[in-house]
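**Student:** Okay, handing you the structure first.
The values are calculated or read from the model by the stated rules, or taken from the named source; none is laboratory data. The structure presented is a predicted model; accordingly, all values stated were derived computationally and were not measured. Calculation scope for accessible area: heavy atoms of the full protein, side chains included, ligands and nucleic acids excluded. Shrake-Rupley method; radii C 1.70, N 1.55, O 1.52, S 1.80 Å.
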Amino acid sequence: MLSLDFLDDVRRMNKRQLYYQVLNFGMIVSSALMIWKGLMVITGSESPIVVVLSGSMEPAFHRGDLLFLTNRVEDPIRVGEIVVFRIEGREIPIVHRVLKIHEKQNGHIKFLTKGDNNAVDDRGLYKQGQHWLEKKDVVGRARGDYNGLVLVLPNHLVSFENVCFFKCI
């Protein structure tokens, strides 16, 4: 068993080696957190990197692509821009394109989004009674992407194996 082998290795270590291993692990975790927080400050986005989870933006982005986001307050939102937004009551942000902008007399901007691969706009996704998004709903704006299929492929394969297993029985 893997867990018992690990525990045996830990028991064989003297205190200095154990402290050294714990310290190394802590340094790795804190370094990753500092890099993430640094990216948050540089980009102005609470999530500087997100993964596309659905095919609603194909052919622009495919499932598993990594998007690099910025969210500078001074930049106006434009029609055609790809935004990542969060809807109240839903944990997972959505990546879609700005379809229409509605600007009020006082300069307050609201906008409507739609997935490139969807037939209709996103009003059906917004919370009940909400017809437009506001700037406060935006997590970030897509500035670049990386084909990250490697991130979702293992989950897809596991699901595929389960379907094959149950259908073959």
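**Student:** First check a/c for the range 2-99, with a ≥ b ≥ c the square roots of the eigenvalues of its C-alpha gyration tensor; if it is under 1.5, answer rounded, and if not, answer prolate when a/b is larger than b/c or oblate otherwise.
**Tutor:** Since a/c reaches 1.5 and a/b is larger than b/c, the shape of the range 2-99 is classed as prolate.
**Student:** Residue separation times 0.36 nm, minus the C-alpha to C-alpha distance between N117 and V41: what's the value?
**Tutor:** On the way: separation 76, 0.36 × 76 = 27.36 nm, distance 3.23 nm.
Value of the extension gain: 24.1 nm.
**Student:** How much accessible area does V120 have with a 1.4 Å probe, in Å² rounded to the nearest 10?
**Tutor:** 100
**Student:** Using 0.36 nm per residue of separation minus the Cα-Cα distance, give me the extension gain between L7 and K135 in nm, one decimal.
**Tutor:** Computed gain between L7 and K135 is 41.0 nm.
**Student:** Using a/c under 1.5 as the rounded threshold, could you call the range 56-123 rounded, prolate or oblate? The axes a ≥ b ≥ c are square roots of the C-alpha gyration tensor eigenvalues, and prolate needs a/b larger than b/c, oblate otherwise.
**Tutor:** Verdict is prolate for the range 56-123.
**Student:** On a C-alpha basis, how far is the centre of the range 122-136 from the centre of the range 1-48 in Å? Whole number, if you could?
**Tutor:** 40
**Student:** Something else about it: Once you've got the Cα coordinates, tell me which of K37/K127; K100/K136; K114/K136 are over 27 Å apart.
**Tutor:** Too far apart for the 27 Å limit: K37/K127.
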